Amino acid sequence: MSRFVLRGLLGLSLCSAAGLALAAGPDPAMLEKGKAIFMKDAVPACAICHALQDAGSAGSIGPDLDELKPDLERVKKVLVEGAGTMPSFAESLDEASREAVAAYVVHATGGQ
């Protein structure tokens, strides 16, 4: 086989492996952690202010996350910077916890 064919096969294999990893979706343990933080562990709990069907929350102070369907970067940014009446969680939640909340919200809402 020529080097070009071998490179092509290797590239195709790597793309397939990457596709399988993406198709597997987020880690269930991370989603569970994110849901727990959203519902009760964050101070204040996200569920107090935000409506999110998966969490059974009906808060009306912040946006309805099911309608908003925020993307991952947006959720992570707001968790760090805060927005409007929402406080920043940069000091109260470590990065892994903020990542878990963001992954959960995006997964639960079908956001990107």
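The values are calculated or read from the model by the stated rules, or taken from the named source; none is laboratory data. Quick caveat, the model's predicted, so the values are computed rather than measured. Note that each Cβ is placed from the backbone with ideal geometry, even for glycine, and that neighbours are counted across all protein chains shown.
Applying the selection to the range 97-112, what residues are of a type in the set (Gly, Ala, Ser) and either touching a helix residue (DSSP H, G or I) at 6+ places or on another chain (Cβ under 6 Å) or free of Cβ contacts under 8 Å to residues at least 12 places away in the same chain (or both)?
Ser97, Ala100, Ala102, Ala103, Ala108
Within the range 42-68, work out how many residues are free of Cβ contacts under 8 Å to residues at least 24 places away in the same chain and out of contact with any Gly (no Cβ under 8 Å at 6 or more places or on another chain).
The qualifying residues number 9.
Among the candidates Asp66, Asp94, which residue alone is out of contact with any helix residue (DSSP H, G or I) (no Cβ under 7 Å at 6 or more places or on another chain), under 21 Å from Glu32 (Cβ atoms) and among the charged types (D, E, K, R)?
Asp94
Only helices (runs of 4 or more DSSP H) wholly contained in the range 1-70 count here; list those with 2 or more residues that are over 17 Å from Thr85 (Cβ atoms) and either at pLDDT below 95 or of a type in the set (Gly, Ala, Ser) (or both).
It comes to 3-24, 28-36.
Could you list all residues from the range 61-109 that are within 18 Å of Asp27 (Cβ to Cβ) and either among the polar types (S, T, N, Q) or loosely packed, with under 14 Cβ neighbours inside 10 Å (or both)?
Once the filter is applied, which keeps residues that are within 18 Å of Asp27 (Cβ to Cβ) and either among the polar types (S, T, N, Q) or loosely packed, with under 14 Cβ neighbours inside 10 Å (or both), the range 61-109 yields Asp94, Glu95, Ala96, Ser97, Thr109.
Within the set of pairs 6 or more residues apart or between chains, which connect a residue that is free of Cβ contacts under 8 Å to residues at least 24 places away in the same chain inside the range 24-36 to a residue that is surrounded by fewer than 17 Cβ atoms within 10 Å (Cβ to Cβ) and assigned to a helix (DSSP H, G or I) with Cβ atoms less than 8 Å apart?
Qualifying pairs under 8 Å: none.
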